[in-house]
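Asks: Quick one: this structure, given as C-alpha cells, is what I'll be asking you about.
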Amino acid sequence: MKKKSAGGDPYIFLDYRKKDRNKAIKTVLQLIFLAIIAYVLYHALFDVKRYAEPSRAEWTSDNGFIALSYFGVARSGTNELIAKNRLEQHLQALYDNGYTTISQQDVLNYYAGRQKLPEKALFLAFEDGRNDSSLFSQPLLEKLNYKATILSYASKVDSKEKKFLHPKEMKKMLKTGYWELGSNGYRLSYINIMDKAGNLIGVKDEDEFKNRDQIAYYNHYLMDFIRDADDIPMENREQMEARINGDYDKMKEIYTSRLGSVPSVYMIMHANSLYGGMNRLVEGVNDRRIRELFGLHFNREGFALNGRTDDPYDLTRVQPASYWYTNHLLMKLNKDSGQRMSFVAGDVKRAAAWRSVSGAAEYVENKIALTSPPEEEGLLYLQGSDDYRNVRLNAALTGHALGQQRVYLRYDRRSYAYLSVTIADQALIVEQREPGRSPERLYDIALDGAEAGEPLRLAVTLAGSFLTVTVNDRRLVDRGEVAQTLQSGGIGLGAQASELNVKDDIYDAVFEGIKVEATDEEGKAQKLLYRNHYSGLAGLVSRMKHAVNAAFDWAIDTF
C-alpha cells in the first residue's frame with residue numbers, strides 16, 4: 001500500500017506489510033533460538049536423556065554373558081580408579097566388537113529359562129557407589145546406549161563424604177534408564193589383621209586400614225570368625241551369626257528406608273571366598289541371608305564368562321585394573337569367552353613401521369602399548385632394522401611394575417639368536433642367545449625402590465661387541481662384552497606377564513617416546529631409524545595439556 005505524507009511533503013512509500021513480515025520472521029527466529037538454548041540447558045541440567053530399550057525379540061543366544069565390574073572412575077585415573085578417557089576407550093572397543101549390555105532382569109530371565117541373550121552380552125557394573133563413577137560414566141552410557149549397575153555400601157548411603165552417591169542422586173540416575181542399583185554390602189571392614197611381626201591388630205574399617213605393607217594377613221568382616229593371635233575363634237557360633245546377621249539387617253534397613261527396597265544384585269567383599277572352602281558355619285549364614293535378600297550374586301572375580309549352568313548366586317566377573325590398556329581387556333575377554341576380538345591399533349601410520357609377531361599393539365600419542373597373549377610373549381619387530389648392526393635405543397618404560405618390558409637387539413628371526421635388555425619385576429636383566437644355544441643371562445641387577453616406583457628411562461647402546469645400558473641416568477652396564485656370534489639382526493620389542501602376578505597372565509609393556517638410531521662402531525648416531533617422540537610444538541602442547549590436567553585434578557581433590 002502506498003500513502004502520501006501529510007503537509008505536502010514528497011511521497012514516502014512505506015510498505016507496512018513487508019515491515020510486519022520481517023518483524024514476524026525475526027520474532028520467530030528469536031523464539032526458535034531461545035527454544036534451542038532452553039532445550040540444551042534443560043538436557044544439560046536435568047539429564048532427560050533416556051535409555052533406549054533393545055529389541056529383545058531378536059536375541060537368540062544361549063551362550064551366557066560376560067560381566068565387568070570397575071572399582072570406580074576418576075578424571076585422570078589412580079592406582080585403583082580408571083581414568084575416564086581409558087574407560088571410554090574400553091567401552092567403545094566393546095561396542096565396536098558388538099557387545100550389548102543387559103539388565104539385571106535379563107539375567108534373571110535367562111536363568112529362569114524365559115529369555116535368550118544377545119550374541120555378545122555384557123553385564124556392566126561400577127562398585128563402591130562413587131559420585132565420580134556416575135559423573136564420568138554417564139556421558140559414555142548415553143553415547144553407546146549402555147546400561148550399567150552402580151553398587152554401593154549401605155553404610156555410605158547417607159555419608160557426608162562428597163565422593164559417595166546419596167539416595168536423591170541414585171533415584172535420579174534410575175530415572176534415566178541407564179542405571180540400576182546394586183550392593184557391595186553394609187560396609188567394607190577387615191578382621192583378624194596380623195602384622196608381619198606377629199602382632200594381632202584386630203578389626204579395622206577401610207579408612208583405618210591404610211598401611212598394608214607391614215600386614216601379613218587379614219580377612220573381610222563377613223568371611224570368618226573373629227580370632228585371637230593363635231588363630232582360635234574368640235566368638236562362638238551364636239555370636240558369629242549375630243555379628244554377621246547384624247550387617248545384613250543394617251543393610252536391609254538402610255536400603256529399604258532410603259531407597260524403598262534392597263537392590264537385586266550383590267557383589268560380596270571379598271570375592272572367591274564363599275563356596276570356596278571357607279568355614280562352613282560362616283558360609284551357611286552368608287548363603288542364607290544372600291538368597292533371602294538378593295536375586296543375583298556375583299561371588300567370584302577373575303573370570304568373565306557366566307554360562308547357562310552357572311548358579312545365579314555364584315556368578316563371576318572381571319575387575320579391570322586401572323592400568324589395563326584396551327587390548328588387555330580384549331585379550332582377557334578373548335581368553336575367557338573364546339569370542340573373537342578386533343584389537344585396537346591406534347595410529348595406523350606409526351603401526352606400519354612395525355611387524356606384529358604376536359600379541360596386539362596400540363600406537364597412541366607417543367606410546368607403543370604392546371599387550372601379550374595369555375602366558376606368552378607379545379613381540380614387535382622394527383621393519384627394515386636388519387641391516388643395522390650398531391644401534392642406540394632410548395625410551396621410557398611405563399608399564400606396570402610387575403611384568404617384563406623387553407628390547408631385542410640383533411634379533412635374528414630365523415635362528416632366534418638375540419641380545420635382550422629387559423626390565424622385569426623391578427630388575428634389569430640382560431640375556432644373550434647364540435645360534436643353536438640356550439639363553440645365557442649376563443646381568444641381573446635389582447633396581448632400587450625409587451626407580452621401581454617411577455617411569456624408567458632406558459638407554460641402550462650396542463656398538464661392536466660392547467653393550468651400555470643406562471636406567472634413569474644411572475649406568476648399570478658399562479661396555480659389557482657380548483658374544484661375537486651375534487653379528488646381525490634387527491630391533492624388537494617384547495611384553496610378557498610376570499610369574500609374580502598370579503592373578504593376571506596378560507601384560508601391557510609400554511614404550512614411551514621411543515627413539516632408535518643406527519650408530520658407528522663408537523656408538524655415535526648416524527641415522528634415525530624410528531622415532532615416536534614429541535618434539536617442538538607437539539612437545540609443548542603435550543606438556544601444557546598435562547599441566548592443565550594436573551591443575552584440574554588438584555582443584556577437584558582440594559575443593
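Asks: Confirm whether Tyr323 is surrounded by fewer than 21 Cβ atoms within 10 Å (Cβ to Cβ), of a type outside the set (A, V, I, L, M) and within 26 Å of the chain's Cα centre (by Cα). Working first, answer last.
Replies: On the way: surrounded by fewer than 21 Cβ atoms within 10 Å (Cβ to Cβ): yes; of a type outside the set (A, V, I, L, M): yes; within 26 Å of the chain's Cα centre (by Cα): yes.
In short, yes.
Asks: Tell me which residues, restricted to the stretch 137-194, are part of a strand (DSSP E or B) and on the phi > 0 side of the Ramachandran plot. Even if it seems obvious, please write down each step before you answer.
Replies: First pass over the stretch 137-194, keeping only residues part of a strand (DSSP E or B): 148-153, 164, 179-185, 189-194.
Across the stretch 137-194, the qualifying residues are Gly185, Asn192.
Asks: Within the stretch 469-513, restricting attention to residues that are among the basic types (Lys, Arg) and under 17 Å from Asp444 (Cα atoms), which residue is surrounded by the fewest Cβ atoms within 10 Å (Cβ to Cβ)?
Replies: Of the residues in the stretch 469-513, the ones among the basic types (Lys, Arg) are 474-475, 479, 503.
From the residues that got through so far, the ones that are under 17 Å from Asp444 (Cα atoms) too are 474-475, 479.
On the way: Arg474: 13, Arg475: 11, Arg479: 13.
Across the stretch 469-513, the extreme among qualifying residues is Arg475.
Asks: A follow-up question, please. Of the residues Lys172, Lys196, which is of a type in the set (D, E, K, R) and in the same structural domain as Arg86 (by TED's automatic domain parsing)?
Replies: Values: Lys196 fails: in the same structural domain as Arg86 (by TED's automatic domain parsing).
Matching residue, one of Lys172, Lys196: Lys172.
Asks: Another question, if that's okay. Determine, yes or no, whether Ala125 is in contact with a helix residue (DSSP H, G or I) (Cβ under 6 Å, 6 or more places away or on another chain) and aliphatic (A, V, I, L, M).
Replies: Values: in contact with a helix residue (DSSP H, G or I) (Cβ under 6 Å, 6 or more places away or on another chain): no; aliphatic (A, V, I, L, M): yes.
So Ala125 fails the test.
Asks: Also: Against the conditions (1) of a type in the set (A, V, I, L, M); (2) assigned to a loop (DSSP other than H, G, I, E, B); (3) within 20 Å of Arg291 (Cβ to Cβ), where does Ala242 fall short? Just the number, please.
Replies: The single condition Ala242 does not satisfy is (2).
Asks: To continue, here is another question. Please find, among Asn327, Asn334, the residue that is within 25 Å of Val502 (Cα to Cα) and either acidic (Asp, Glu) or touching a strand residue (DSSP E or B) at 6+ places or on another chain (Cβ under 7 Å) (or both). Before the answer, list the steps.
Replies: On the way: Asn334 fails: either acidic (Asp, Glu) or touching a strand residue (DSSP E or B) at 6+ places or on another chain (Cβ under 7 Å) (or both).
From the options Asn327, Asn334, the qualifying one is Asn327.
Asks: Checking the structure you have, find out if any residue of the stretch 272-283 is in contact with an Asp or Glu (Cβ under 9 Å, 6 or more places away or on another chain), at pLDDT below 95 and under 16 Å from Leu151 (Cα atoms).
Replies: no
Asks: Restricting attention to the stretch 326-335, does a residue exist that is within 25 Å of Gly72 (Cα to Cα), hydroxyl-bearing (Ser, Thr, Tyr) and either assigned to a loop (DSSP other than H, G, I, E, B) or without any contact (Cβ under 8 Å) to a residue 60 or more places away in the chain (or both)?
Replies: We begin by selecting, within the stretch 326-335, every residue within 25 Å of Gly72 (Cα to Cα); these are 326-335.
Subsequent filtering for residues that are hydroxyl-bearing (Ser, Thr, Tyr) retains 326.
Restricting the remaining residues to those that are either assigned to a loop (DSSP other than H, G, I, E, B) or without any contact (Cβ under 8 Å) to a residue 60 or more places away in the chain (or both) gives none.
No.
Asks: Step by step: first the residues of the stretch 270-291, then only those that are touching a residue at least 40 places away in the same chain (Cβ under 8 Å), assigned to a helix (DSSP H, G or I) and not β-branched (Val, Ile, Thr), then the one that is nearest to Gln239 (Cα to Cα). Which residue is that?
Replies: Leu281
Asks: Let me ask something else about it. Condition check: under 18 Å from Arg86 (Cβ atoms) and without any contact (Cβ under 8 Å) to a residue 60 or more places away in the chain. Does Val344 satisfy that? I'd like the intermediate steps shown before the answer.
Replies: Numbers: under 18 Å from Arg86 (Cβ atoms): yes; without any contact (Cβ under 8 Å) to a residue 60 or more places away in the chain: no.
Considered against the rule, which asks whether it is under 18 Å from Arg86 (Cβ atoms) and without any contact (Cβ under 8 Å) to a residue 60 or more places away in the chain, Val344 comes out as no.
Asks: How about the stretch 51-73: which of its residues are in contact with a Leu (Cβ under 6 Å, 6 or more places away or on another chain) and surrounded by fewer than 16 Cβ atoms within 10 Å (Cβ to Cβ)?
Replies: Ser61
Asks: A follow-up question, please. Answer yes or no as to whether Ile445 is over 20 Å from Leu380 (Cα atoms), at pLDDT 95 or above and either surrounded by 20 or more Cβ atoms within 10 Å (Cβ to Cβ) or in the same structural domain as Gly523 (by TED's automatic domain parsing) (or both). I'd like the intermediate steps shown before the answer.
Replies: On the way: over 20 Å from Leu380 (Cα atoms): yes; at pLDDT 95 or above: yes; either surrounded by 20 or more Cβ atoms within 10 Å (Cβ to Cβ) or in the same structural domain as Gly523 (by TED's automatic domain parsing) (or both): yes.
It is true that Ile445 is over 20 Å from Leu380 (Cα atoms), at pLDDT 95 or above and either surrounded by 20 or more Cβ atoms within 10 Å (Cβ to Cβ) or in the same structural domain as Gly523 (by TED's automatic domain parsing) (or both).
Asks: For the stretch 399-410, name all the residues that are surrounded by fewer than 19 Cβ atoms within 10 Å (Cβ to Cβ) and within 25 Å of Asp478 (Cα to Cα).
Replies: The answer is Ala401, and nothing else.
Asks: From the set of residues in the stretch 292-310 that are assigned to a loop (DSSP other than H, G, I, E, B) and touching a residue at least 40 places away in the same chain (Cβ under 8 Å), which is farthest from Ser69 (Cα to Cα)?
Replies: Applying the first criterion (assigned to a loop (DSSP other than H, G, I, E, B)) to the stretch 292-310 yields 294-295, 302-304, 307-310.
With touching a residue at least 40 places away in the same chain (Cβ under 8 Å) added as a condition, the list becomes 294-295, 302, 304, 307-308, 310.
On the way: Phe294: 18, Gly295: 18, Gly302: 10, Ala304: 10, Gly307: 17, Arg308: 20, Asp310: 18 Å.
Going through the qualifying residues, I end up with Arg308.
The values are calculated or read from the model by the stated rules, or taken from the named source; none is laboratory data. Here the structure is a predicted model, which is why all the values come from computation and not from measurement. Note that we place each Cβ from the backbone using ideal geometry, even for glycine, and neighbour counts take in every protein chain shown.
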